[in-house]
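Below is one structure, written out as structure tokens; comments come after it.
The values are calculated or read from the model by the stated rules, or taken from the named source; none is laboratory data. These figures come from a predicted structure and were not determined experimentally. Every residue, glycine as well, gets a Cβ built from its backbone with ideal geometry; the counts of neighbours run over all protein chains shown.
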């Protein structure tokens, strides 16, 4: 996040200077005004980029953020001042030194006059745009307790969905890893020994089946250039991961996912569920439609959907209704635009979108369960086929040699 240096006049006529973190200059000026300061000069500071090595640092876990949010909501609801609540929570998070360090930084900023939302915005890796914007909306409307409670619920739903996806993919990934390791093990250690035995039995001029020759050739190449094989694989994997982390690579990867049969339906349902729940939570918190679309586009998790939401935001800014814009976009199922239309007519967009989110999260659960039941036997068939191929390449020359012996 950019850092702005400022010179301002306080309510006593004195001159103060310092820095403030905001997305843009307008946001920095707004923050200063909220602190009863009259900005004289606000400029973006040029920060020198340095390489940081964060060895040993730990990321704050999702369940710890959920627990912190629920506890803060309860304390604010009980009438405990923000600073006292933050200090109490910082003293009782010994199991998370990373979160405690962040809370201490937030306390310092709040004591200096910053709002809670602005203080949390300095830690985007822990408190994302959705979290910060909802807290800001809650502070502005005086309903911080309700906002924090909704945030905790939303985070629990998102965390539950991620856990289900990870658990459903754990078994297929394990089988795939075992298959790859078994292939390299057979090619490097077993096939060379079998080839030697066949050569000893049949002689140097023995004619081996084509499939056996291919397997022995692959094995010989891997045995001689095994380091080249591993280096090439490592480069390919590293290059692929690095590429999909770039905006263009991420967009292409997400596009391929949305075009892949079987996987595309689940990916669309996950993106729609994220869109509906995030957008409804922001609207319910009092965030404007345009700002809610901006934040939701960054939280939907799919670059193709992100681009569609950004384009929808531009059309809504030009005067179109959100329901009509989404209805014209094939990425969003008809039920989404129809439910938003009902919400626009009744003034309950947040409530109808929560129902959409619940519906698609249930659809994702059933889709993940069904695809898991398909992937597992498919992986077993792949492993069996590999073992069968190697067995055939071994048994055919043995059968041929036994006929020659007879």
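Residue-level analysis places residue 148 among those that are closer than 30 Å to residue 65 by Cβ, touching a residue at least 24 places away in the same chain (Cβ under 8 Å) and not assigned by TED's automatic domain parsing to the domain that holds residue 270.
Starting from residues that are in a loop (DSSP other than H, G, I, E, B) and surrounded by fewer than 17 Cβ atoms within 10 Å (Cβ to Cβ), keep the ones in the stretch 85-99 and report whichever is farthest from the chain's Cα centre (by Cα).
92
Within the stretch 295-320, the set of residues being assigned to a loop (DSSP other than H, G, I, E, B) and under 23 Å from the mean Cα position of the chain (by Cα) comprises 300, 301, 302. Here 179, 212, 174, 199 are screened, and the one residue that is surrounded by 14 or more Cβ atoms within 10 Å (Cβ to Cβ), without any contact (Cβ under 8 Å) to a residue 40 or more places away in the chain and assigned by TED's automatic domain parsing to the domain that holds residue 388 is 199. Scanning the stretch 321-345 for residues that are assigned to a helix (DSSP H, G or I) and in contact with a helix residue (DSSP H, G or I) (Cβ under 8 Å, 6 or more places away or on another chain) yields a count of 17.
If only residues of the stretch 100-134 that are modelled with pLDDT under 85 and in a helix (DSSP H, G or I) are counted, the one that is surrounded by the most Cβ atoms within 10 Å (Cβ to Cβ) is 134.
Within the stretch 59-84, if we keep just the residues that are farther than 16 Å from residue 126 by Cα and crowded, with 18+ Cβ neighbours inside 10 Å, the residue that is nearest to the chain's Cα centre (by Cα) turns out to be 73.
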